[in-house]
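Some notes on the structure that comes next.
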Amino acid sequence: MLPIRTTRLSLDVLQRSAKRRSNASNIVSIHGSCYYSFHHDSCSSTTSRHQKNNSSSFRPYSLSRSIVEGGSSSLTQDPRKLIALQKLSFSSAGQEGAMEDDATTQNSIGVTRQIPHIRNVAIVAHVDHGKTTIVDQLLRCASESIRNMGADGSTTSSSAKDKENTELVMDCGDLERERGITITSKVTRLDYRQQGSSDDFKIINVVDTPGHADFAGEVDRILTMIDGVCLVVDAAEGAMAQTKYVLSRALKMGLKPVVVLNKCDKEDAWSRIEDGEVEVELLETFDSLGANEEQMEYVTVYASGKAGWATRDMEVARQFATGEKKGPGSDNDNETSMRVLLDTILECIPPPVVSSRKGIVNLNDEPFAMAATTVGRDNFLGRLCTGRIYSGTISKNDEVALIPRDFSKEDIQNSSLYTSCITGMFVNRGVSRTELESAVASAGDIVTLAGVPDSIAVGDTLTLKSNPINQALATPPINPPTLSMEIGANTSPLAGKEGAIVASSRVRDRLFSETDNNVTLSVTKSETDAERSVVHARGELQLGILIEEMRREGFELTVSPPKIITKKCESSGEELEPFEEVTVDVDSEHSGTVIDSLTGARKGVLLQMSDSADGKTRLIFEIPSRGLLGFQSEIATATRGTAVVNHLFLDNRSYAGHIGGVEKGKLVSNDTGKANLYALANLAKRGTLFIEPGEVVYSGMVIGENSRPGDLEVNPVRSKEASNVRTVNKDEKLYVPPPKRYSIEELIGYMNEDEVLEVTPKSIRLRKAELDPGVRERLARSRKKQMMAGQKSK
């Protein structure tokens, strides 16, 4: 049992928590001194850090009373819920000092000024927490605020046809719509006029960021453009793992958050809000990610993106959630429409701050500087670049110079920079690119420039040729990849029959073009096969998305099994591999299955286990990245699809050794032709089939999973013998169960080391890398001898 530590809580934290909770009467009234007792690991590094900062930064409040035992508040009864609150009493002295240093640096640069009419904000959320739906509602509401505003500042109603025309969707591309997730980050511009305001409209640049950890590279570069974050949380599920990385980066940069509790009208959502569970989870998440005191004082907006209402009043939100009140009935109902969230962004998110160069008095003399966040190409406009302008102004037909991100001051002085003429300036509204109305784009805004140099890459700096800056803008480093995979042209016997692009050179060109904007991907030539390329990525999902996109473009591919990228420790020479934090939400009856699967052969360690009132269990593990290969499909079958798995990269640690038990055996075809019903009916008794009658197979193709360890050579094209021998027995009715179909991501983690994936626009097949059965047998004996020799040497 862990030792009990008595921790002191400051009065302001308790009052703040009480104010946020609807059942504030359940919180014990405290006057004087208060001590909470809870289980805590005395050896924790977090505890020592808090003890060290206790004397210098503890708020001087005098308290005198202990908590009443047996109170009715769930907050006081559950020790885990006290962790976040007790940590809040310690302010971040180190972070405050860092902020002061930053302020000193800015003053040394020159005068700083704010751009009051612009807000740059990112929408951060877990997968499927309603982020894109809320952005669509904001687009619609902002467009109505401009279109319906009369000359006298009054609001006119819009027709049903107008509402239909404002149906804007942020999800672009078939994959995003099919999967319901954000894959590529997108910037959209909202021109919004506040109700009753006679001022010109405000500009709100909203960035829709991916929620999955595999696309973290998109998030890293997007956060450099914004000044605040809007955290969208599903009220029924609470703060989830996929928000941690994005939120931690944003908090580390000092960005101020606004929290939106979405889907408040969802079943069991409001009971969690009233009980304070959602608030405590948010406090714990913010504190564990190092949020400072100012960031903790976030504003909460209760909303339902699907229903189209939002409010900061908890009582009004309760009426919506319980059905006592319906959604906004008219455009004039601004107190409960998405205007509330837009007004909150204008109020709580700070405007962009621009620092002029030291010695510059006239703002018109500031040199233009812009960092390339997203690059692309248009068939009519040429090379495109999207990014935030950090200083100066840019106009159409201005001549710009390109400074690569790795150039030093000496390189800039001694090199001739690439130059070009700006042919157009654009902004995005929804998924449409429109030309900028004004002739000049100024500092603080996010725009797209056409006509930039062809050699521009993500992270490079654009500046005016006539008035350049003397160094490249600093851009965030890119996290290293964790997986590698070889991709080449299709080499199976069915190559060229289903796709239009089969040349290996075309495949390599397509892979290299993907790295142009997808900075977390890197491509190199294979050392073992000149026809293949090695792709380094962050995870299975990112690789699966890339392969699926190429498949839909008409490519035929051969994909090798993924390999974890290891490193050597510079000091000790020890081999290191990536470790990840895995969070699994599953029905309580299947929690044991999940624990056995991750803590067994996969070398995972269970860190935390918590049960909820709705029969769910949340499990948190630390596990090598290798241990997650193939886990998604395996656990989905074992838990009947109830498990929700999320993972987050931690760091590189010592190599964990061999992972995995006995490999699953496969049913491998030893003949070529069309599979028939007679043969498959007999083979269905041997295992699980991946094909159905009528599909074309070839020798070496995997047609199913063997029920026993080891591969089994079978003949799926063998037909029933036709003879003139009569029998009194009637032919039995043949039955073949439906085949089991895998997605590309599932097959990436499912295939063995001696197998490859054949991907065409019409089919996804699993086959052996070596089609000749005799060669496969000799290679298998050789691998077995090597494994036995390695075990003896240990």
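The values are calculated or read from the model by the stated rules, or taken from the named source; none is laboratory data. Worth saying up front: this structure is predicted, and the values here are computed from it rather than measured. Methodologically, a virtual Cβ is constructed for each residue, glycine included, from the backbone with ideal geometry; neighbour enumeration extends over all protein chains shown. Quick note on the areas: whole protein, heavy atoms, side chains included, nothing else; ligands and nucleic acids left out. Shrake-Rupley method; radii C 1.70, N 1.55, O 1.52, S 1.80 Å.
Key figures for this structure:
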| read-out | value |
| --- | --- |
| Charge tally in the Cβ shell below 11 Å around Thr209, where Lys, Arg are +1 and Asp, Glu are -1, Thr209 excluded | +1 |
| Against the rule of thumb 2.2 N^0.38 Å, how large the Cα Rg of segment 362-407 comes out | 1.29 |
| Label-point separation in nm, Leu677 to Asn397, each point 7 Å along Cα→Cβ | 7.5 |
| Accessible area per residue, Å², segment 557-697 with all protein chains present, probe 1.4 Å | 46 |
| Simple spin-label estimate for Gln471 and Ser455 in nanometres, 7 Å along Cα-Cβ | 2.2 |
| Summed side-chain charge close to Ile345 - residues other than Ile345 whose Cβ falls under 10 Å, Lys, Arg +1, Asp, Glu -1 | 0 |
| Distance from segment 615-650 to segment 404-453 (C-alpha centre basis), Å | 43 |
| Debye intensity ratio in log₁₀ form over the Cα atoms of segment 208-313, taken at each q of 0.11, 0.16 Å⁻¹ | -0.33, -0.71 |
| Paired Rg and Dmax values of segment 419-481, which use every Cα atom, in angstrom | 13.9, 41 |
| Most to least accessible of Ser432, Ser591 (protein chains only, probe 1.4 Å) | Ser432, Ser591 |
| Additional length obtainable on full extension of the chain from Arg312 to Asp754, 0.36 nm per residue less Cα span | 153.4 nm |
| For segment 549-591, the spread of Cα positions along each principal axis, largest first, Å | 47, 40, 14 |
| Computed lengthening from Arg177 to Ile565, 0.36 nm per intervening residue step minus Cα-Cα distance | 136.5 nm |
| Per-selection Rg to Rh, segment 516-593 - Cα, Kirkwood hydrodynamic radius | 1.08 |
| Qualifying trypsin sites (Lys or Arg not before Pro) in segment 591-666, DSSP loop, other Cβ atoms within 10 Å at most 12 | Arg640 |
| Approximate spin-label separation Arg113-Lys325, in nm, with each point projected 7 Å along Cα-to-Cβ | 4.2 |
| Rounded to the nearest 10 Å², the accessible area of Asp174 at probe 1.4 Å | 100 |
| Dimensions (Å) - segment 437-569, Cα atoms, principal axes, largest first | 59, 44, 25 |
